[in-house]
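The values are calculated or read from the model by the stated rules, or taken from the named source; none is laboratory data. Model, not experiment: these values are computed from the prediction. All Cβ positions, glycine included, derive from the backbone under ideal geometry; neighbour counts span all protein chains shown.
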Amino acid sequence: MAGTVSHDAQGRRKRLVSFVLLPAVLIAVGVLAYFTFRSTLQIENLRQQSVLEATLGLATEKADRLDKRIIEQDNVISAIADPAQLLELTDRWIPTAQRETPTVRAVLVLDEERDVLAFASRATSAWSDEETFRRLVVQRMMNDMDMGAQPPEQLRHLHRVYGGQSYLVSYWQRLYRGHRYTVVAWHDIGRIVKYVLPNLYTEAPAAAASRVNVVDEEGRIIFGPPLRSSPFTVGVRFPTTLYNWRLQVSPSASEKYATTIADRRLLELGMVLLSCVVIVAGVATILVAAEKERRISSLKSEFVANVSHELKTPLSLIRMFGEMLQSGRVASDEKRDEYLKIIVDESERLSNLIENVLDFARVERGRDAYDFAEGDVAEAVTRAAAIYRHRAEKEGVELVVDVERPLPAPRIDERAIQLAVINLIDNALKYAYHGKSVHVRAGREGRHNVIRVVDRGPGVPPEDRERIFERFVRGAISASASPSEGGLSRSPPRGSGIGLALVKHIAESHGGNAWVEPSEARPHAAVSQEAPGSTFLLTIPA
């Protein structure tokens, strides 16, 4: 009793550990997956951010390159436009204008009253445009120029649209003899777009690491090809010159980068999820295997106890009646014959049980000790039924044998087939004691010889019809005692739990199968006391 309690307590502890371990592992895997997922996203964001920062740096460098080119020309104009030499402005600038200031179209010098003191232009025609520009500077641009508290010599730029045309002017102030002069340099945007931008931003297609374009205030492309929408496309405004325009840069492999990053993210997330699934599946497999092993161990313990009891009962009867015969205390020859018959029956029962155990042991070791030869299925069924006829009569059960003859003679092990039928009849008498009859039938059906053992017991629940053919498993029908004749309670039938497993193995070893199904309803079964019962089938290829 103490050993049983200890075993139960140990089983409860193992189940408790299993129930605690699995949630703990799932929680740990969830936490690991969360942090790994977050780390993966952070790494991908850092990778994407690094590409964006590199592209932004490239765009800024390219925008600064244009500003630097324009400011270099402004410095040349600043050296030439000396208030002390205003009359010589045209002569000093025009000869070197094409080389030193290619984008500057005209230069104006104004006094504090906005009067034009000097004007030089590279235009050889369309003088009306130059006059229009002079009036535009005096009447409108001067109002938009920042003449605040910054130093007079500070170079500034004005980029604005006037009359539907975009203008870029550089301006700064000069002090001379107490007077303030304003120098204005008009940069030809057409020349900048046609000559400067291609010179600065055009690269050989094979060596181009990025694509560049320039768009105006309304997003219209001024220079360069259209750029596909990409998370790596960066746009920056020109810092001081064409500050209303925007330079856009997109890596040549931006689509490839985006695809690669997306694929890498999916791959890494897939690996994380796969790892989590493998971990959970591994733990679940271990727990299931441990639980299965524990269940098998428990079933084996029950099997040993049941077999011990099954062996003990016939041995006790054999010994008891043998001692009675040995003592000579037998009242009559009829009693002597009865005792001898009991000893023979119990010996056969003991032999069958031992045969079951030995055959099952061979199956467990993977050794099929079957001797196949052309055999008579009908004869094997008849002999098996004859062995149990006395027991059936003793228990008040009618054993009906209906064997079709002749049956095809397949290659079989007659002893194994007889053992399988014995197990089925024993099962019917043991568990279907409610019924009054057991029918054993054998016949040809199509390509198979079919053996049926039909009982009128309580039947097998649908959920147990597959399980009862597993080793060490017994159905739940016999879990409680059932009233026997005379109103006395009958104890649950004992069994080893290997009989039906052995039946199925024998059937499959012969190329057939074994299963159970409900018996067909009989007329007036609803009003009779006999239960519908079960039909156990064993098939052998003919």
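Can you confirm whether the range 114-121 contains a residue that is touching a strand residue (DSSP E or B) at 6+ places or on another chain (Cβ under 6 Å) and either in a helix (DSSP H, G or I) or exposed (fewer than 13 other Cβ atoms within 10 Å of the Cβ) (or both)? No, there is no match, as no residue in the range 114-121 is touching a strand residue (DSSP E or B) at 6+ places or on another chain (Cβ under 6 Å) and either in a helix (DSSP H, G or I) or exposed (fewer than 13 other Cβ atoms within 10 Å of the Cβ) (or both). Does G497 satisfy the condition of being modelled with pLDDT under 80, surrounded by 20 or more Cβ atoms within 10 Å (Cβ to Cβ) and assigned to a loop (DSSP other than H, G, I, E, B)? Judged against the criteria, G497 is a match. Only one entry of E53, E131 meets the criterion of being out of contact with any Phe, Trp or Tyr (no Cβ under 8 Å at 6 or more places or on another chain) and farther than 30 Å from L200 by Cβ, and that entry is E131.
Considering the range 157-195, the residues that are surrounded by fewer than 21 Cβ atoms within 10 Å (Cβ to Cβ) and of a type in the set (A, V, I, L, M) include one that is nearest to N213 (Cα to Cα), namely V193.
Quick one: would you say G487 is modelled with pLDDT under 85, farther than 30 Å from L311 by Cβ and not hydrophobic (A, V, I, L, M, F, W, C)? Judged against the criteria, G487 is a match. Tell me yes or no: at least one residue of the range 137-153 is in contact (Cβ under 8 Å) with a residue 12 or more places away in the chain, under 25 Å from Q85 (Cα atoms) and loosely packed, with under 12 Cβ neighbours inside 10 Å. Yes, there is a match, as at least one residue in the range 137-153 is in contact (Cβ under 8 Å) with a residue 12 or more places away in the chain, under 25 Å from Q85 (Cα atoms) and loosely packed, with under 12 Cβ neighbours inside 10 Å.
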